[in-house]
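To start, the structure under review is shown below, and the notes come after it.
The values are calculated or read from the model by the stated rules, or taken from the named source; none is laboratory data. In this text the structure is predicted, and so the values were computed from the model without any measurement. Cβ placement follows ideal geometry from the backbone for every residue including glycine, while neighbour counts extend to all protein chains displayed. These area figures cover heavy atoms from the full protein model, side chains too; ligands, DNA and RNA do not enter into them. Shrake-Rupley method; radii C 1.70, N 1.55, O 1.52, S 1.80 Å.
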Amino acid sequence: KLAVEFPSEDIFLMTASPVIKAVTNFKQVSKTLEEFDVEEQPSSLLEKRYPNIKVIQSGVKQLKSNEHKIFTEDGKEYIYEKLCLCAGAKPKLISEGNPYVLGIRDTDSAQAFQKNLAQSERIVVVGNGGIALELVYEIQGCEVIWAIKDKAIGNTFFDAGAAEFLIPKLTAEKRESPIECKRTKYTMEGSEEKDRPTAASEELGSALGPDWHEGLSLKGTKEFSHKVHIEILCEVKKIHLQQEFIQLQRTSLAFPKEEKNIEPDEVLWPVYVELTNGKIYGCNFIVSATGVVPNVKPFLDGNNFAVGEDGGLEVDKHMQTSLPDIYAAGDICTASWEPSPVWHQMRLWTQARQMGWYAAKCMAADALGEPIDMDFSFELFAHVTKFFNYKVVVLGKYNAQGLGLDHELMLRCTKGQEYVKVVMQNGRMMGAVLIGETDLEETFENLILNQMDLSAYGEDLLNPDVDIEDYFD
């Protein structure tokens, strides 16, 4: 976006990774909903398309904001007029530096995961967001103990009702064959071999896109297809290596067959997870899919940034940080303007794309001294994704976020086909969750945006015999 706005200026893109993530197959589904794929491409493609962009492949060592300078890991320094920090976030690991704990956030960590899984009989997955959800659904031939801190699965996106709707898909033996993966991976020649510099493994790649697990063969050593046991309302209390566990002289549990009789485990495992509910399970390794923390560390030293409660760099409604000429966008930033009543920040690809695009517009407006209006994409929270092969659309305050007790829910559910939930407050629609091919997203988007009083329709709003789409067309 900057390259288009400023065709004659030099634009430097600094990245620690040899590839860049590009948005492809972009589709505007409705006013605020958009679908796209995320693809890794060699940075030369970007430089070819925009001759004024130069990609500098190096991590950032230091930022000196008062001198308008960036120092890179390879010992060079660059002076900037305007800077936008888009360094994303890094996985919140349940335990740092433990070889049996894998965080999944980018394509490289997904590959490490695949290697480990091929030799595994049982893994423990910790976390309850999108990545944990997809992972547990895709894993075959390996026992999965899934530890979640909530009552129901997928809490970031759903409520207990939606979880209930999805659970049968988790336990079904017969699986649909996955759709072919569209994403391709580019690597530097020889980067797979031993000569990868050791520092590279410390560098974070960029985050996974929405279909990251496709094309990875997620298969363990066992013959059965699907075995998942969910432990709810618990977190990891402690992780014991095999030797420590033997010295503890405690009992670990076998994979639960029926809920009633829980047997002690006969097998010795490389690592053991003790949960806060008192249970201990042995496994080959642990996947930590417990969300992300903004990746601000390289930039804080010696700079007086205002930092939000969630650890991100605070930005105002023009994506400006508290320091002059420095903007931030995506997972690294915390939106600290007064948001629209039906928008909230969530660290997702869709918002990263919108914020990046809008930040470039703001940088341009500022450089040219022009006024700028808040982008329309911040009017309504809207996200479309896929879970368990169902289309999933979430709109507005879909989990009644911040609405207190003063709201009501309306539901419509057809087992195995669709799940529709709307959040109502004072007769107005504030949010919705749509699972399956409901075709209601545009209608609901409009009803949330224009805040029309719907109390007259009552329960008929979700009556399958009333063609509501047609009604509000």
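Condition first: in contact (Cβ under 8 Å) with a residue 24 or more places away in the chain, farther than 29 Å from PHE376 by Cα and touching a Phe, Trp or Tyr at 6+ places or on another chain (Cβ under 6 Å). Can you find one or more residues in region 21-32 that meet it? Within region 21-32, not a single residue is in contact (Cβ under 8 Å) with a residue 24 or more places away in the chain, farther than 29 Å from PHE376 by Cα and touching a Phe, Trp or Tyr at 6+ places or on another chain (Cβ under 6 Å). Exactly one residue among LYS61, LYS54, LYS76, LYS82 is loosely packed, with under 14 Cβ neighbours inside 10 Å and at pLDDT 90 or above, and that residue is LYS76. Among the residues of region 31-83, those that are within 17 Å of PHE299 (Cα to Cα) and touching a Leu at 6+ places or on another chain (Cβ under 6 Å) comprise SER65, ILE70.
Being modelled with pLDDT of 95 or more, open to solvent by less than 30 Å² (accessible area, probe 1.4 Å) and closer than 16 Å to PHE158 by Cβ is the requirement here; does PHE387 meet it? Answer is no for this residue. If the condition is being surrounded by fewer than 19 Cβ atoms within 10 Å (Cβ to Cβ), of a type outside the set (A, V, I, L, M, F, W, C) and part of a strand (DSSP E or B), then region 390-425 contributes LYS391, GLU408, ARG412, THR414, GLN425. Taken together, the residues in region 319-355 that are closer than 26 Å to ASN66 by Cβ and surrounded by fewer than 18 Cβ atoms within 10 Å (Cβ to Cβ) amount to 4.
Taken together, SER322, SER336, SER288, SER340 contain a single residue that is free of Cβ contacts under 8 Å to residues at least 24 places away in the same chain and hydroxyl-bearing (Ser, Thr, Tyr), which is SER322. The residue of region 450-466 that is nearest to the chain's Cα centre (by Cα), among those that are surrounded by 11 or more Cβ atoms within 10 Å (Cβ to Cβ) and part of a loop (DSSP other than H, G, I, E, B), is GLN451. ALA306 falls short on exactly one of the conditions (1) of a type in the set (A, V, I, L, M, F, W, C); (2) open to solvent by 30 Å² or more (accessible area, probe 1.4 Å); (3) closer than 30 Å to ALA112 by Cα, and that condition is (3).
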